[in-house]
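Below is one structure; the comments refer to it alone.
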Amino acid sequence: MAKKKPATKAEREHMSKVASLGCWICQRPANVHHIRPIGLGIGRRSSHYDTIPLCYDHHQGQFSIHNCKQQFEDMYGKEVFILQEVKKRVADMEQANDLFNFYNKHKGEI
Ligand SMILES: [Zn+2]
Ligand SMILES: [Zn+2]
């Protein structure tokens, strides 16, 4: 089991929801950035749920979270705090989707 575990369906769905929020900084189309877990120890790897949406520039560009992390966090906040906000937004989105599906499913009955 040395190979990196592929994302499960649920993880992939979560990541596509994260990406659909758009870049956290500039709202442009985004990919997901994996947060490094705090207190990284042996056996701990970053989770596909610990992801935030960033466009190419803010992800891998000159002043991005990968190339200029200190500066990035000084300007936009620590990535773990961004992660908390992203998780809230995704939870809100899921709740709205659930409601929407519920009403659709029971349309004729209400
Ligand atoms: Zn951006
Ligand atoms: Zn990244």
Here's a check for you: in region 15-30, which residue that is more than 10 Å from ligand 1 (Cβ to nearest atom) and not hydrophobic (A, V, I, L, M, F, W, C) is surrounded by the most Cβ atoms within 10 Å (Cβ to Cβ)? 17
Tell me which residues, restricted to region 89-110, are loosely packed, with under 10 Cβ neighbours inside 10 Å and either touching a residue at least 40 places away in the same chain (Cβ under 8 Å) or basic (Lys, Arg) (or both). 105, 107
Among the candidates 64, 20, 16, residue that is of a type in the set (Ser, Thr, Tyr), in contact with a Leu (Cβ under 8 Å, 6 or more places away or on another chain), at pLDDT 95 or above and over 14 Å from residue 83 (Cβ atoms): 64
Restricting region 46-79 to residues that are within 22 Å of residue 10 (Cβ to Cβ) and among the β-branched types (Val, Ile, Thr), the one surrounded by the most Cβ atoms within 10 Å (Cβ to Cβ) turns out to be 52
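The values are calculated or read from the model by the stated rules, or taken from the named source; none is laboratory data. As the structure is a computational prediction, the values presented were derived from the model and not from experiment. Heads up, the Cβs are rebuilt from the backbone with ideal geometry, glycines too, and the neighbour counts pull from every protein chain shown.
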